[in-house]
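Colleague: Supplied in C-alpha cells, the structure appears directly below.
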Amino acid sequence: MRRYVFFNLQQSFELTDDEYEKLMLEGHRTEELLSYDETPGASKVLNELIDKGHEVFVITGRPSSSYEASRRWLDEHGLERATLYCLNKYGRDSFIKNSNFNLELEDYYKMSFDYAIEDSPMAFRFFDHMPELKVLVIDRPWNHECELPGENYTRCFDWEQIRREIGG
C-alpha cells in the first residue's frame, strides 16, 4: 500500500505537469469542493471560539475562483461567522483587485493573529514574521514526520486538543 506523505499532490502521485494541472482544475470545481467532508469537530470548536469572542479567519491558498464554493461550504457547515480569505500564497493566482476576500502576501503580512491552525509544512514559512504566534499543526500523513520549526508549534491530533490548547 502506497503512503501519500507529501502535501504536494504532484509529488505524492508522481504526476506530470499536465496531469497535475488537470487534477487541480477538477479538485476546485464547485461540485467537488462542496462534496468534501468536514474534519470531525472542526465546526463545533470554531463556533465555540467565536462564541467566546475569538475572531476566526479561514485563510486558504485555494484560487480566488473557488471563493464562492468555499464560502458556501463553510456556511453549510455552520461557519457563516468565520471570515474567508483566499491568499495568493504561491503567486499563481490572478486576483480580483480590491475585493473583500482576496489577500496578497503584502496585505497578509500586515495582519496579526494569536493562533494559527495549519496542516501544510509548506505554509509554515508564512508565519515567520509573527514569532509570538502559536501554531497548532493538525497531524496529517503529509506532515506527520516533519520537524516542527519552533517551540511555538504544537502538533494536534484532533479538534478537542486544539480547543484545549487555545483554552476554550
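The values are calculated or read from the model by the stated rules, or taken from the named source; none is laboratory data. Quick caveat: nothing in here was measured; it's all calculated off a predicted structure. Because the Cβ atoms are built from the backbone with ideal geometry, glycine has one as well, and the counts that use them run over all protein chains shown. Areas reflect the complete protein model, heavy atoms only, side chains present, ligands, DNA and RNA absent. Shrake-Rupley method; radii C 1.70, N 1.55, O 1.52, S 1.80 Å.
Colleague: Using helices alone, I'd like the mean residue ellipticity at 222 nm for the chain: each DSSP H run of four-plus residues gives -39500 (n - 2.57), total over residue count, nearest 500.
Modeller: Values: 7 runs with 53 residues, N = 168.
Computed mean residue ellipticity for the chain: -8000 deg cm²/dmol.
Colleague: What's the carbon and sulfur percent of the chain's accessible surface, probe 1.4 angstrom, rounded to a whole number?
Modeller: Exposed carbon and sulfur together represent 49 percent of the surface.
Colleague: Using each residue's phi in segment 78-90, evaluate 6.51 cos²θ - 1.76 cosθ + 1.60 at θ = phi - 60° and report the 3J(HN,Hα) Karplus result to the nearest Hz, with x for Gly and Pro.
Modeller: Result, ordered by residue: x, 10, 5, 8, 8, 7, 10, 10, 9, 9, 6, 5, 10 Hz.
Colleague: What trypsin sites (Lys or Arg not before Pro) in segment 95-168 are in a loop by DSSP, with at most 10 other Cβ atoms within 10 Å of the Cβ? Intermediate values should be presented prior to the final figure.
Modeller: Details: sites: K97, K110, R125, K134, R155, R163, R164; in loops: K97, K110.
Qualifying residues, ordered by number: K97, K110.
Colleague: Shifting gears a bit: Could you tell me which residue out of P141, F157, A116 lies farthest along the dipole of the chain toward its positive end? Charges go on the beta carbon: Lys and Arg +1, Asp and Glu -1, centred on the Cα centre.
Modeller: Sorting the options by dipole projection puts first A116.
Colleague: Moving on to the next point. Find the accessible area per residue for the chain; the probe is 1.4 Å, ligands and nucleic acids are left out, and the unit is Å².
Modeller: Per residue, the chain has 63 Å² of solvent-accessible surface.
Colleague: Please state, as a whole number in µm²/s, the translational diffusion coefficient that the Stokes-Einstein equation yields for the chain at 4 °C and 1.567 mPa s, with Rh defined as the Kirkwood radius across alpha carbon pairs.
Modeller: 75 µm²/s
Colleague: Next question. Report the local net charge at I138: Lys and Arg +1, Asp and Glu -1, summed over other residues whose C-beta lies under 9 Å from its C-beta.
Modeller: Working: positive: R140, R155; negative: E118, D119, D139, D158.
Every neighbour counted, the sum reads -2.
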